[in-house]
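The values are calculated or read from the model by the stated rules, or taken from the named source; none is laboratory data. Just so it is clear, the structure is predicted and the values come from calculations on it, not from any experiment. With ideal geometry, Cβ positions are generated from the backbone for all residues, glycine too; neighbour counts draw on all protein chains shown.
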Amino acid sequence: MSSIFQSRASAAGDGDLGLGREAAAPVVRAPTPAAILELLKPVTWFPPMWALACGVVSAGVPILANWAQILGAVLLAGPLVCGTSQAVNDWFDRHVDAINEPNRPIPSGRMPGRSGLYVAITWTGISLAVGAALGRWVLAATVFGLLLAWAYSAPPLRLKMNGWWGNSAVGLCYEGLPWFTGAAALAHHQLPDGRITTLALLYSWGAFGIMVLNDFKAIEGDRAMGVRTLPVQLGVASSAALACVVMAVPQVVVVGLLVKNARPIEAAVVAALLGLQLVVMAYFVRQPRKRAPLYNATGTTFYVLGMMVSAFAVRALAATFH
């Protein structure tokens, strides 16, 4: 229980000081479903679910005939593993949130006691069960993703305190692992095709740069709290340039691989989407702190569209070998 709750509890118990027990705020004994849902942050589920959809497409198998596995994988990537990561993050950041975001479920008292931690543990267990039901490779990806989710927020590692480690973990969990999971769920306990794994890793690499974009909004606060994001470590200009390079290079590699595998149309589309990103990048690097939200709304959209185009290219390649 955070210090803010302890202070409230102490104040509520001081009936002898004239406050009276009838004046005390009502005690929340159990979280409501709405509070639990807010803790799991549904708005964050879309990126891994999109990446999982790319994995499903790239697997090259009939989608309607495998709807049960796909539904299970979607639940795993979004509400379960991503939801777990959000609950873990809120629990271990509860003292900071009591200052910066007091209306969040834990500091507001809508998730009383250790209920936030219990949700994180319960969701971890459910995620492992669903991952196991979908096959050994899905389970392996689930275990790896959950380990990163806890390591990102929980001591002693708290990967989020360093931009190099934290952004790498999030990029992998938001893009690479869900992509692999979507393909593995349809692979009938077999390891997905190497081209699928290659694309998943490349787009995870690029997602590292996307994560850097989120670090420009609170540089002073991060510096004061000892959070060593890349803008704090490298400065604004250098970290903005690095983010752009890290996003662009994997896509250049993807274009080259598509050309090499005789998919010129998809290669041209991905190249065009990269070209649009480069235009926005040139605008972004001139004022990174001001324009990072704009790039997130535009350049990132072009990035994830390229992911899906690449997934369809791999699907077409798989069809040629069947």
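Values for this structure:
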quantity: Conditions (1) farther than 22 Å from Thr198 by Cα; (2) buried (at least 20 other Cβ atoms within 10 Å of the Cβ); (3) β-branched (Val, Ile, Thr); number of the one not met by Val279; calculated: (2)
quantity: Qualifying positions in region 80-132 - in contact (Cβ under 8 Å) with a residue 60 or more places away in the chain, under 30 Å from Ala183 (Cα atoms) and among the aliphatic types (A, V, I, L, M); calculated: Val81, Val88, Val119
quantity: Identity of the residue in region 226-248, closer than 15 Å to Ser168 by Cβ and β-branched (Val, Ile, Thr), that ends up surrounded by the fewest Cβ atoms within 10 Å (Cβ to Cβ); calculated: Val246
quantity: Pairs, first among the small types (Gly, Ala, Ser) in region 270-284, second modelled with pLDDT of 95 or more, C-beta under 6 Å, six or more apart; calculated: Ala271/Val255
quantity: Neighbours by Cβ (under 8 Å, 6+ apart or cross-chain): first from region 237-254, in the same structural domain as Tyr295 (by TED's automatic domain parsing) and touching a residue at least 40 places away in the same chain (Cβ under 8 Å); second of a type in the set (Asp, Glu) and assigned to a helix (DSSP H, G or I); calculated: Ser239/Asp215
quantity: Any hit, region 298-314, residues being small (Gly, Ala, Ser) and surrounded by fewer than 20 Cβ atoms within 10 Å (Cβ to Cβ); calculated: no
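Let's see how each residue does on (1) outside the structural domain of Met281 (by TED's automatic domain parsing); (2) within 18 Å of the chain's Cα centre (by Cα); (3) at negative phi:
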residue	(1), (2), (3)
Gly125	yes, no, yes
Arg158	yes, yes, no
Met161	yes, yes, yes
Leu172	yes, yes, yes
Glu175	yes, yes, yes
Pro178	yes, yes, yes
Gly182	yes, yes, yes
Leu186	yes, no, yes
Gly221	no, no, yes
